[in-house]
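The values are calculated or read from the model by the stated rules, or taken from the named source; none is laboratory data. Owing to the predicted nature of the structure, the values given are computational and were not obtained by experimental measurement. Cβ sites come from the backbone with ideal geometry, for glycine too, and all protein chains shown count toward neighbours. Side chains included, ligands, DNA and RNA excluded: accessible areas come from the protein's heavy atoms. Shrake-Rupley method; radii C 1.70, N 1.55, O 1.52, S 1.80 Å.
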Amino acid sequence: MSEREIRKLGIDVEACTGCQACSLVCVSEHHGRFGLEVARIRVHKNVPELAPPRFKPVACRMCPDAPCVAVCPTEALWQDEETGFVGLDEDLCIACGFCEEECPFDAIWVLEDLGVAIKCDLCGGDPVCVRHCSTQAVSFEQGGTAQKD
Amino acid sequence: MYEHVARILSVDLGTGERGRSVLPEEVASPYIGGRGWGARLLLDVLPPDVNPLSPENVLFFLTGPLTGTPLPGSGKYLVVTKSPATGAFCESYSSGLLAPALRFAGYDVLQLTGRAAEPSYLYVEDDYVELRSAEDLWGLDAFEAETELRDRYGHRATGVAVIGPAGENLVKLATIGSDYYRHAARGGVGAVMGSKNLKAIVIRGSQEIPVADIDRVMAIQRRLVEQVRSSPGAQRQMNYGTTSTLAITNEAGMLPTRNFQEGVFPEAWGHIDPEGIKKITVGRAGCYACIMPCARLVEVERNDECLRLEGPEYETLAMLGSNLGISDSSAVVAQNLACDRLGLDVISAGVVVGFAMECAERGLLSDSTLEDMRFGDADAALQLLDDIAHRRGLGDLLAEGVARAAEEIGKGSERFAMHVKGLEFPAYDPRAGFGGGLIYAVTPRGACHRRAWPPAVEVLSDAPPYEVEGKAKLVKKLYDERTILHSLLVCDFHHPAVPLGIDDYAELLSAVTGTEWTAEDLQVAADRIETTARLFNIREGFGREDDRLPLRILEEPLPEGPAAGQLFGQDGLDVMLDEYYEVRGWDRAGVPLPETLEWYGISTDGGQA
């Protein structure tokens, strides 16, 4: 397998139906069980008002010059210069919560129980939420000269 | 090692006593889950002849072995109790985060008895169970109460079920709402919750949902997502949802119109039919983890106000639309929202309001403020809904359900009080498809369209709609398929739309349990479950004489449409009942035969034989 560029999740709020399948399969992928609480992609629902955007999946946007990386005191958070991917080294994370406070999109969360932050890691390049979203509200945006195996 | 058991959390709301118990595998597995567990547990746990609104009645919230997984339609829960509307077995289904949340908390079934000393709500977080004061929530509508609780306990993963004013006021049409727009609506389950002084239930948790093989479950789900993306049936369901049914029933002449006086409503076209609703649709919504999200989001202007709603579904369009002579979609949306907030069943509400309108037109109402009410008057309907929920004026009588209202009003109104056993008719006129008459007569909860959907064969396929012979066998097949789905417990829309066969569902159950199930195994369970539900009703004094239909259906032919002049009458119903009891292994009085109980291993003294 050759290298491929990693980008980020694309979100189509119009296509999202608020079903939270993305969150469910995300927890399954990362924690080996079914749940919603510790998902790395979370759906905000504007209910019962239903004014747009009605349903909005939120996951790491891989910001250029990511502010979470800038405030991380232990360098647990890092950003790939070439692809812009923001990664998290759980072994270095001390769950201080600076990243959670700094994130403009509310897309990184500290799990008090486990003593780590969690965020979207794009499942290593094949996001499970994209594969399981029946309305294709979540997509995998890849730029540049991506190559597959 | 997966164990096919039901983990039960029981709470006595009066004493505060809690207990954890397990329905063992030898009982839980033969009854699958959901509907099956509900039928078995109600028979075993509830003593005979209990007043449904007394503290002794038991209120079950049930899930099934598939609940909370990503498998199709697994975001449903079921409420089982003895109905205050009928005194019979009551099963009421709903969707919402409550379903997975119960399992996230480590339970499959919540069993509530007793009556709280003051307005309360039940808070469950894993092992932590507490009854908390709802003094500040009592009197709030269902939306206000849910928002308050979600602000306290979370929006994303917390299960919340609430009653509105209708439930608080013990209205027999009262629902239990969840996720705002979803309701366990039928049979007055909201009144049972109200009688227990219980405004709401809040559940959250962090336990594992038991599955034998999570990789197999995920692989199946992934395959089904692909199947849905390329399935015309699924795509149609996602585009129109249940609204498409109105075109089918209006064409077939079975669309309830003006309290079932007619079966066609030409004014519906372009307004409350699929195309009419498409014009006001602004988005889509799906239940928990659904692979075929079919709910619509609509937006209308009414009296200079912008109304937004998740819905309306077919039943609402018919029962609060055509059945009231109303073709204005904004009026239906307004009524739907009112019912959601008040906690009223849109189906039963449509019947009681339609009944009141017909009584007014016939001059049978003594209430002078309502004697000028006519079909088509949406403002009057909205006012009546509010009066029913708050038990004001005529609303207080209608709050008892249409059977009781007709008894009180008399003057021949019983003829057109559209109910079976005290549960109001849903939106299919049985005169335009005789199988519907059988289903309404025999379903344990009373007139019900959910246990089988005969239009699938009588309108959309080639079964003759106006014949009674052989109908029981056809209906039983549809019925048993639904029993399987409602026991697993999953939504029953994927089965016909995707489509998924019963053998597919056997595969899903096998993946979850690690035991290989076949369609035949599920069929045996379905038979066992239906006979068990029947046993409950027999014990409570119901029999063949209660499997009956209103005189309007038996004696008044529809005036227009394809079904004009068609009647099966009491003789036809008797033919269908005789055949039906026979294929179920019941005697001519509708009582399960001893050999049937033995064959399916059904115990009558608690637990599995």
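Tabulated values for the structure
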read-out: Interface residues in region B:172-211 - accessible area drops by 30 Å² or more relative to the isolated chain, probe 1.4 Å; value: B:Tyr180, B:Tyr181, B:Glu208
read-out: For the protein assembly as shown, with +1 on Lys and Arg beta carbons and -1 on Asp and Glu, the positive-most of A:Cys60, A:Gln79, B:Val575 along the dipole; value: B:Val575
read-out: Largest to smallest accessible area among B:Arg284, B:Arg362 [probe 1.4 Å]; value: B:Arg362, B:Arg284
read-out: Share of carbon and sulfur in the accessible heavy-atom surface of region A:1-123 [1.4 Å probe, %]; value: 47
read-out: Rg/Rh ratio calculated on Cα atoms of region B:331-484 (Kirkwood radius); value: 1.03
read-out: Gain upon complete extension [A:Ser139, A:Asp106; 0.36 nm per residue less C-alpha separation]; value: 10.0 nm
read-out: Average beta carbon contacts from partner chains per residue of A:30-43, 10 Å cutoff; value: 5
read-out: Simple label model, 7 Å out from Cα along Cβ direction - B:His155 to B:Asp396, nm; value: 4.1
read-out: Accessible area (Å², per residue) of chain B, counting only protein heavy atoms and a probe of 1.4 Å; value: 31
read-out: For region B:271-360: Kirkwood Rh in Å [reciprocal of mean 1/r, alpha carbons]; value: 13.5
read-out: Estimated FRET transfer efficiency (B:Lys278, B:Glu251; beta-carbon r; R0 25 Å; 0.05); value: 0.90
read-out: Radius of gyration and maximum dimension Dmax of region B:216-326, Cα, Å; value: 16.2, 53
read-out: Area hidden from solvent between A and B (accessible, protein heavy atoms only, 1.4 Å, total, Å²); value: 3100
read-out: Fraction of accessible area attributable to carbon and sulfur, region B:264-379 (%, probe 1.4 Å); value: 44
read-out: Radius of gyration, Dmax [chain B; alpha carbons; angstrom]; value: 22.4, 68
read-out: Protein accessible area in region B:544-609, 1.4 Å probe - carbon and sulfur %; value: 50
read-out: Restraint check, A:Lys119/B:Lys199; B:Lys82/B:Lys411; A:Lys56/B:Lys279; B:Lys76/B:Lys421; B:Lys172/B:Lys279, Cα-Cα greater than 32 Å; value: A:Lys119/B:Lys199; B:Lys172/B:Lys279
read-out: Theoretical FRET efficiency, 1/(1+(r/R0)^6), r = Cβ-Cβ of A:Val13 and B:Glu3, R0 41 Å, to 0.05; value: 0.50
read-out: Solvent-accessible heavy-atom area per residue, rounded to whole Å², over region A:1-101 at 1.4 Å; value: 48
read-out: Contour minus Cα-Cα distance for B:Tyr128 and B:Arg362 (0.36 nm per residue); value: 78.6 nm
read-out: Extent along principal axes [Cα atoms of the protein assembly as shown; Å; largest to smallest]; value: 82, 62, 55
read-out: Inter-probe distance in nm under a simple model that places probes 7 Å from Cα toward Cβ, at B:Glu135 and B:Thr515; value: 5.0
read-out: Ratio of the Cα radius of gyration of chain A to 2.2 N^0.38 Å, where N counts its residues; value: 1.04
read-out: Cα→Cβ-extended label distance, 7 Å offset, between B:Glu118 and B:Asp574, nm; value: 6.0
